[in-house]
Amino acid sequence: MAIAQWLNQTIGFFVFFFLDIFDYLFCFIYKTLDLFFEYEWKPCYCSFPLEAQAKTRKIIVSERGDYSNVVSMTRTKIHFDEISDTLYSRGPSLLMRLSKLVSSVKFFNYTGLIMRHNVLDSCDNTDDSKKKTRSGSKKRMTLNSTVVEKLPTTPRWSDCHCSFCTSWLSPSNKDSLYVKVQQPKDNKKARDNVVFIHGFLSSSSFWSETLFPNFSDTAKSNYRLIAVDLLGYGRSPKPNDSLYTLREHLEMIEKSVISQYKLKKFHVVAHSLGCVLALALAVKHPGAIKSLTLLAPPYYKVPKGVQAAQYVMRKVAPKNVWPPMQFGASLISWYEHLGRTVCLVLCKSHRLVDSLTRLLTLNRMRTYLIEGFLCHTHNGSWHTLHNIIFGSGGKLDSYLDYVRDHVDCDITIFHGRKDEVIPVECSYSVKTRVPRATVHVIPDKDHITIVVGRQKEFARELELIWQKSKTIYK
């Protein structure tokens, strides 16, 4: 074991050293290609923040004095403490100093990027009657006197332009998430609602293709089942001007699911990344949650005095070459431009990958997982990974404490014993924080097969959870 660990670390040192070099080179390659295809240099996170005074200064984000349009897609203002520091500071790199050479294309001037709510609230009374910038035109904003161009919402040259991936651009789909609903023919007979939230690099098909067909007739006649494609995934909007923060994801779920279907009370089933959003929903709507079912929640106990986001990133993506899942996680977490290359090669060619998979397996393998794994943009997956999974590291303690003390519902956790993405210890940590939570560890199952391959069994388990909640929490 010690020799294997030593080999993993030694080989990893050289592998990631060369990946550092490649990512640095690809930074310039993509800037050149962006200039060629899109006629402008595009910002990236290769520049590092100026740490001096970063924790003491406050800034206001505005667009020429008008607070109606800022960095993200729909908000009037944005708190920069929502932006994970892992985006622009991913720990010691052998090429960290070289990255300063790209300062001419900085994404942000990070001097004092800590916002305070009281500063933002002081902006609420600004004059909304100012003339808005014409839709579709390029917009400029000032961030502490630094000019930043607002990115367009249309797909970039390196994104997939197929009808599936761009279906959200139609006027009817542009402002809401894609939602897959299975309900009784007479909707009035649906006595309960269940919201399913998928994980990272996934989609609503993770639920609709596995669980929905396997619920009992009784469940199908009593529950309205709602599976959502999160912002940036599947057939949901993939705006390039979004930073995919926790607030943006929550607002879109509230708008597209809770408000659209007029949900007063509902059950939540969430997987991996979705568990973070499920807990945030429970905190925001404590009286609406009837039960919480969490699969492989990414909750890591962060030691005191340690930067939470950086700590979680090193747990999820420890820069190991083995096992393969950890190497893949490290590649897409640490390397912005190599990750974009993976998306360029695979995501842009997802239809080809789907066809080849069907051909090689003689149509014996259903390819719905490819939809979630490959139908996204690098901008969406990159920011969601850092701002939700890593950036929530310092928030989950307070979320779990609030759920423990103020959310009156059953909490059930499922975790695969062989999960190499999120260790089973994360679920036990949730149990420690919320003692009433029930943890089920499933032998011989991993991050995906916790559902896929045991969908009939899991469907029965969910039905029992929902029936139990009716009895206890009336």
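Summary table
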| quantity | calculated |
| --- | --- |
| Matching residues in the range 409-430 - criterion: being within 17 Å of Val269 (Cβ to Cβ), hydrophobic (A, V, I, L, M, F, W, C) and touching a helix residue (DSSP H, G or I) at 6+ places or on another chain (Cβ under 6 Å) | Ile413 |
| So Tyr88, is it at negative phi, modelled with pLDDT of 50 or more, hydroxyl-bearing (Ser, Thr, Tyr) and crowded, with 19+ Cβ neighbours inside 10 Å | yes |
| Residue check, Ile226 part of a helix (DSSP H, G or I) and either out of contact with any Gly (no Cβ under 7 Å at 6 or more places or on another chain) or of a type in the set (Asp, Glu) (or both) | no |
| Residue satisfying condition, being farther than 30 Å from Lys42 by Cβ and not in a helix (DSSP H, G or I), within set Phe196, Phe200 | Phe196 |
| Residues (surrounded by fewer than 19 Cβ atoms within 10 Å (Cβ to Cβ) and not charged (D, E, K, R)) located in the range 374-398 | Gly394, Ser398 |
| Hits in the range 253-273 (condition: assigned to a strand (DSSP E or B) and not aliphatic (A, V, I, L, M)) | Phe266, His267, His271 |
| Number of the exception - Lys220 against (1) modelled with pLDDT under 95; (2) under 27 Å from Ser163 (Cα atoms); (3) open to solvent by 10 Å² or more (accessible area, probe 1.4 Å); (4) not in a loop (DSSP other than H, G, I, E, B) | (2) |
| Test: residue in the range 286-296 that is of a type outside the set (S, T, N, Q), in a loop (DSSP other than H, G, I, E, B), modelled with pLDDT of 95 or more and within 19 Å of Pro423 (Cα to Cα) | yes |
| Unique match (being assigned to a loop (DSSP other than H, G, I, E, B), surrounded by 18 or more Cβ atoms within 10 Å (Cβ to Cβ) and among the β-branched types (Val, Ile, Thr)) among Val306, Val302, Val312, Val276 | Val302 |
| Residue list for the range 253-267, restricted to those being open to solvent by 10 Å² or more (accessible area, probe 1.4 Å) and of a type outside the set (Ser, Thr, Tyr) | Glu254, Lys255, Ile258, Gln260, Lys262, Leu263, Lys264, Lys265 |
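Yes or no, residue by residue, for (1) within 30 Å of His285 (Cα to Cα); (2) modelled with pLDDT of 95 or more; (3) loosely packed, with under 13 Cβ neighbours inside 10 Å:
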residue	(1), (2), (3)
Ser137	no, no, yes
Ser167	no, no, no
Asn173	yes, no, no
Asp192	yes, no, no
Val195	yes, yes, no
Phe215	yes, yes, no
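Table: residues versus (1) under 27 Å from Ser208 (Cβ atoms); (2) under 19 Å from the mean Cα position of the chain (by Cα); (3) not acidic (Asp, Glu).
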{"residue": "Asp401", "(1), (2), (3)": "no, no, no"}
{"residue": "Thr432", "(1), (2), (3)": "no, no, yes"}
{"residue": "Leu464", "(1), (2), (3)": "yes, no, yes"}
{"residue": "Lys468", "(1), (2), (3)": "yes, no, yes"}
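Yes/no matrix, rows are residues, columns are (1) within 20 Å of Gln310 (Cα to Cα); (2) touching a Gly at 6+ places or on another chain (Cβ under 9 Å):
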{"site": "Thr384", "(1), (2)": "yes, yes"}
{"site": "Asn387", "(1), (2)": "yes, no"}
{"site": "Ser392", "(1), (2)": "yes, no"}
{"site": "Lys395", "(1), (2)": "yes, no"}
{"site": "Arg404", "(1), (2)": "no, no"}
{"site": "Glu420", "(1), (2)": "yes, no"}
{"site": "Ala437", "(1), (2)": "no, no"}
{"site": "Val441", "(1), (2)": "no, yes"}
{"site": "Arg460", "(1), (2)": "no, no"}
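The values are calculated or read from the model by the stated rules, or taken from the named source; none is laboratory data. Keep in mind the model is a prediction, meaning the values are calculated, not measured. Ideal geometry is used to build each Cβ from the backbone, glycine not excepted, and the neighbour counts take in all protein chains shown. Accessible surface is based on the protein model in full, side chains and every heavy atom, while ligands, DNA and RNA are left aside. Shrake-Rupley method; radii C 1.70, N 1.55, O 1.52, S 1.80 Å.
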